Amino acid sequence: MKFRIVTCLTVIVLISIQAFAQEASVSWPLDGEDLPASEGQQVTSSSNHKGQILGSATGVSADLPEVATYNPEGISTTFATAGGNVSSDGGAAVTERGLVWSTSESPTIEDRKRSAGSGTGSFSATMIDLEPATTYFYRAYATNGEGTAYGREVSITTLTERTVPELTTNSVANIMVRTAETGGSVTEWGGSEVTVRGVVWNTTGEPTINDNVLEAGSGTGDFVATLYPLEEDTRYYVRAFAINETGTGYGGMRIFKTQVAAPDITKVVAQDGSGDYTSVQDAFDEIPRNYTGIYTIYVKKGEYYEKLILEEEKGNVKLVGEHRDSTVLWYDDYAGISGGTSQSYSVAINADDFVAENITFQNVVKNDKSVSDQQAVALVTNGDRQAYYNVNILGYQDTFYARGSNGTGRIYIKNSYIEGSVDFIFGRNIVVFDSTQIHINRDGGTLTAAATEAESKFGFVFIDNVISADSIGFDGDPIERFYLGRPWQQSPRTVFLNTYYPKSLSPSGWLSWNVEPAMYGEYNCSGPGCVSFENRVSFATELTEQEAAEYTIENIFSKESNPNYGRDWKPSPELYAVSNTKENSTVPERYELKQNYPNPFNPVTNITYSIPQSGQVKISVFDMLGKKVVTLTNEIQSAGDHTVTFDASSLSSGVYLYRIETDNFVGMNKMTLIK
C-alpha cells in the first residue's frame, strides 16, 4: 500500500508500509489533505509537520537493549552490591534487567542472577549467598523480545572476614582559640554498614569514642567537622572514627595547638575625623586575618556612601552603629552596571562569626523600569554564623541576598526592619527572621525567592514577625496585592510562624515559578490577610502544632541542618548593649522590650522594658498601617527595668505595634486589643 502525502511545502513524500497488523494505529500530521482510513489503519491530520507511528507492528525487527555495568558499591564476605543502567531498550520493551554472576568468566542468565525490575534507567541489585575470599565475575543484563544483552564484565573478590571500617583523618585547619576544623574519609566499610562516623579528641593522646566525640553522619566517603569548644593555648590530639557492626575503626592521629586569645579591639569610624577612620572600608581593610579576639568597629552617625566588603578570613567582627536610623551604609549599584545581581551589593559580608547592631544597610536604586536590570542588593551574606540585631535592610528589588557563595550559611536577624518590592529576601542560606518587620513598597511583589539546597532541612523561617505594606507604592500605584514568596532555585523552603499579615496579602499566598518548593508552610498567623487555608495554592502547607514545634533556634541552626556545618550554633536571642559595664547588680545587661501583659487585652495593658544605661527613651504605639496612635513616654530615663501602662479605651479592636527607641536600641512587638 502506498500513501501520497503533500505538505505545506508541496513536497511529495512516498511512504511504503507493509505487513501492518490489523490493530496497528498510524498517525501522520498532514496539512491540507485528509486521507481515508483503510485496512484497520487510522489516519489523522494536524497543522504541524512531524510523522509518528503509534501502536505496534508485526514484521518489524528490534535490536538488543544497550546496558552498562556499574562498579561495586560494597563487597562483604557473603554478599556484594552493584548495578547498571539500561540506556536503550532497542526498540522493544525491556521485560527484565539485573545482575548475573559466576566464579567463571562471562556469566549469563543461565548462571546466578538477581532481577532488578524492568524498563530503562539505572538500577541496583545485591548478589547473595557468596563464599568468603572468593573471586566472582558479574555483569549487568537486560532482556527484550530480541534476546538478552550484557554489559561489561567486572571481577570482585569477597572479604575473608568482616572488619572495622578503614579511614583517614584530615589535617587540622583554621585553628583558632575555641575552634578548629578537621574531618576524615571512610575509605573501606569493612563489610557492613557504617552507622556512625565523626571525630574524637582529647589532650592526652590516642583519643577514642570515650573522649570528646563529634558525629558527622554515616556511610563511606568524606566528611568535615569543627571541634568546639576548645581551650586556648592547649595541645590536642584528634582522629577520625567510624563504626560498623564489627566495631570502631580510627584514622591516623593529628596533633595541634589552639591559639592564645588576642585582646579585643575597638576602632571608631567618624565622618568628621574624630575617630580612627573616616571610611568603613578602611576599617575593614585594617582587620587582621584570622584574628582571635573580638574586633569591634563602632560607626558614628552619618551617611556613608561606600561599596563595602568584609573578606572571608576576617571573622569575629562586630559592626556597631551609633543609631540605627542615623548610621547608614549605602550605595547605588545595580545588576545592569555591576556585572550581575551578585555584584550589585552595597555591603557584602563574607566572613564567619559576624555581628551587626544598630545600623542601616541600603541600596537606593528603585526598580522603576527607567533602565534595564535594576536588581539592587543592599546586603549580601556569604559566611556562616552571622547575627544582625536592630538593623535596617532597605531597598527595592533583591534587597537582601542570603547567597551563601562559600557554602550554605546560618543567619539570624532579630528586632530589625527589611523593606523591598520584588523577591527582596532571596538565596540559599538558612535564615531566621525573629520579631522583625517585613515591609513591601510596591504592588504585586513577592517577599521571598528561596533557593534552598536539597540537603538543607530548613530555609527561610519567619517567627513572630509583622508584615506591613504601604497603601501607595513607591511608583504611585496602590498596593492591592502581594505574595509571600515564589520558588527560585533548587528545593525552596520558606515558613511563616506566628506572623501578622496585612489585608493586601493575596488569598493564594504564594506564586509558582521555576521549581517546585520543598516546603511553603504557615502556622498560627494572624491579621486581615490571614484567610481560610482553602484559598491557598495547592503546594502550600498548613503546619500542624507538632510540625511547627520543630522550628526552634536549636533545630534550625544545628549542625544536622546542612552537611556544610561542622558544629551547632546558637546565637544570642537578644541585643546586648554596646557597653558591658555594670554599675550594680540590679542594672540589666542588655536592652529588652518584653511582651505586653496581658495580651490580648481590654482595654489596659502593661509594657515592660529594660535599658542597661541611662538615656533618652521613647515608647510609641502604631496601628497596622504605620500611623502613630500615641506616644507613651519620651524622656531621659535611668538604667534599669521600666513599665508603662497603655489604655486603649478610645481605640477599636485590632492588632497594634509598640516600639521602643533609644540611642543604641530600637525594638518592636505587636499586641492585640479585643473588646
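The values are calculated or read from the model by the stated rules, or taken from the named source; none is laboratory data. Quick caveat, the model's predicted, so the values are computed rather than measured. Because the Cβ atoms are built from the backbone with ideal geometry, glycine has one as well, and the counts that use them run over all protein chains shown.
Quick look at the numbers
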quantity: Subset of the stretch 527-545 that is outside any loop (DSSP other than H, G, I, E, B) and touching a residue at least 24 places away in the same chain (Cβ under 8 Å) - its residue that is surrounded by the most Cβ atoms within 10 Å (Cβ to Cβ); calculated: 540
quantity: Residue list for the stretch 163-212, restricted to those being assigned to a strand (DSSP E or B) and surrounded by fewer than 19 Cβ atoms within 10 Å (Cβ to Cβ); calculated: 166, 168, 173, 181, 185, 187, 188, 196, 202, 212
quantity: Given (1) at pLDDT 80 or above; (2) surrounded by 12 or more Cβ atoms within 10 Å (Cβ to Cβ), index of the condition residue 645 fails; calculated: (2)
quantity: Criterion: farther than 25 Å from residue 666 by Cβ, of a type in the set (A, V, I, L, M, F, W, C) and under 18 Å from the mean Cα position of the chain (by Cα) - qualifying residue of 402, 451; calculated: 451
quantity: Residue 675, sole failed condition from (1) modelled with pLDDT of 90 or more; (2) in contact with a Leu (Cβ under 9 Å, 6 or more places away or on another chain); calculated: (1)
quantity: 2 or more residues β-branched (Val, Ile, Thr): qualifying strands (runs of 3 or more DSSP E) within the stretch 421-460; calculated: 430-434, 437-440, 446-450
quantity: Meets criteria (over 28 Å from residue 387 (Cα atoms) and modelled with pLDDT under 95) for residue 508; calculated: no
quantity: Listing of strands (runs of 3 or more DSSP E) fully contained in the stretch 70-134 that carry 1 or more residues being of a type in the set (A, V, I, L, M, F, W, C) and closer than 15 Å to residue 159 by Cβ; calculated: 80-88, 121-127
quantity: Residue match in the stretch 425-437 (condition: closer than 21 Å to residue 383 by Cβ, acidic (Asp, Glu) and out of contact with any strand residue (DSSP E or B) (no Cβ under 8 Å at 6 or more places or on another chain)); calculated: no
quantity: Enumeration of residues in the stretch 594-625 that are among the β-branched types (Val, Ile, Thr) and farther than 22 Å from residue 501 by Cα; calculated: 604, 605, 607, 608, 611, 617, 619
quantity: Filter result for the condition that a residue is touching a strand residue (DSSP E or B) at 6+ places or on another chain (Cβ under 7 Å), buried (at least 21 other Cβ atoms within 10 Å of the Cβ) and within 23 Å of residue 76 (Cα to Cα), over 240, 216, 225; calculated: 240
quantity: Matching residues, the stretch 336-359, being in contact (Cβ under 8 Å) with a residue 60 or more places away in the chain and either more than 26 Å from residue 666 (Cα to Cα) or of a type in the set (Gly, Ala, Ser) (or both); calculated: 341, 342
quantity: Residues of the stretch 243-257 satisfying the condition of being assigned to a loop (DSSP other than H, G, I, E, B) and either out of contact with any strand residue (DSSP E or B) (no Cβ under 7 Å at 6 or more places or on another chain) or farther than 30 Å from residue 292 by Cα (or both); calculated: 244, 245, 246, 247
